[in-house]
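The values are calculated or read from the model by the stated rules, or taken from the named source; none is laboratory data. In this text, all values refer to a predicted model and were calculated from it rather than measured experimentally. Note that we place each Cβ from the backbone using ideal geometry, even for glycine, and neighbour counts take in every protein chain shown.
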Amino acid sequence: MDSPDNNTQANIPPVQLDENSRFKFKCHKGVSCFTQCCRGISIMLTPYDIIRMKNRMKISSEEFLAVYTKPELLEKTDLPVVTLKLLDDEQKSCPFVRDDGCLIYEDRPTTCRYYPLGVASLSYKEQEKEGFYFFVNEPHCKGFEEDCEWMVKEWRKDQGVDIHDDINAEWTELIVRKRSIPKNIRLTEKTKNMFFTASYDIDRFKRFVFESTFLDLYEIDNKTIEDIRSDEIALLRFSFRWLKWLLFQEGEFALNKTEAAKRQEKIK
Ligand code: SF4
Ligand code: SF4
């Protein structure tokens, strides 16, 4: 699985595909290239990917980020993201690849599910137009020689990537929107750290919400508080809404006026 960035860097215009575009592809253990695409790759991880993978490994988000990811700044956005950290072997293998396939197949990341397609909104940095798919062309991939036809929308459903996209949708929108803002508008380090924590480190974000004065500072109804306490996905969606407020001062977050006034007094 090659990095979509390589296409970008080479400035090769991608063939733009939509939901109804058709293509022939099949990947199975009998292909001569089996698991080649899981080596020498660059895979950007989404917030929901981290939740699926850390739960699969039965470790905290903090531990998962420390062991399995590499921090990067996403070009044109100034936003911190993470990519999968590869092994230091000759082939730069994914830590989850084995001779018989992916060790965490049911919980594999969004990019792996989409392959051999890429998604413009996250991957294709030089394109202004968003919302299309393209082929991640790799000469070693024999899957295109198989006689099995798909529509893009069928492929997305079959690979379970529609669920990932639905959960990540508000986060993806933030990235797309931030990319369209002029480069000279920079984020503070504090905002970048908040973006990182709220996007990727769900266990730390939960502590931030429930063990700091966060819930005093904002007007948040009791049902939402109960939902985000017991449901990780509800907490993740909540974190995206909070990031929208943090980055663009938009959305449903309202400051508790009494608490905000108290804080202002302290600053004076
Ligand atoms: S057919 Fe393509 S996707 Fe399947 S293992 Fe080979 S390189 Fe990877
Ligand atoms: S997570 Fe699984 S599918 Fe994705 S690159 Fe690693 S081994 Fe391959």
Can you say whether residue 58 is more than 19 Å from the chain's Cα centre (by Cα), in the same structural domain as residue 20 (by TED's automatic domain parsing) and under 22 Å from residue 235 (Cα atoms), as far as the supplied structure shows? yes
If a residue must be without any contact (Cβ under 8 Å) to a residue 24 or more places away in the chain and touching a Lys or Arg at 6+ places or on another chain (Cβ under 8 Å), how many such residues does region 70-106 contain? 2
Criterion (out of contact with any strand residue (DSSP E or B) (no Cβ under 7 Å at 6 or more places or on another chain), more than 19 Å from residue 199 (Cβ to Cβ) and either buried (at least 18 other Cβ atoms within 10 Å of the Cβ) or among the small types (Gly, Ala, Ser) (or both)) met by exactly one of 32, 93: 32
Within region 21-58, tally of residues that are more than 16 Å from ligand 1 (Cβ to nearest atom) and touching a helix residue (DSSP H, G or I) at 6+ places or on another chain (Cβ under 7 Å): 13
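Answer yes or no as to whether residue 75 is modelled with pLDDT under 95, surrounded by fewer than 16 Cβ atoms within 10 Å (Cβ to Cβ), under 26 Å from residue 204 (Cα atoms) and charged (D, E, K, R).
Working: modelled with pLDDT under 95: yes; surrounded by fewer than 16 Cβ atoms within 10 Å (Cβ to Cβ): yes; under 26 Å from residue 204 (Cα atoms): yes; charged (D, E, K, R): yes.
Against the criterion (modelled with pLDDT under 95, surrounded by fewer than 16 Cβ atoms within 10 Å (Cβ to Cβ), under 26 Å from residue 204 (Cα atoms) and charged (D, E, K, R)), residue 75 qualifies.
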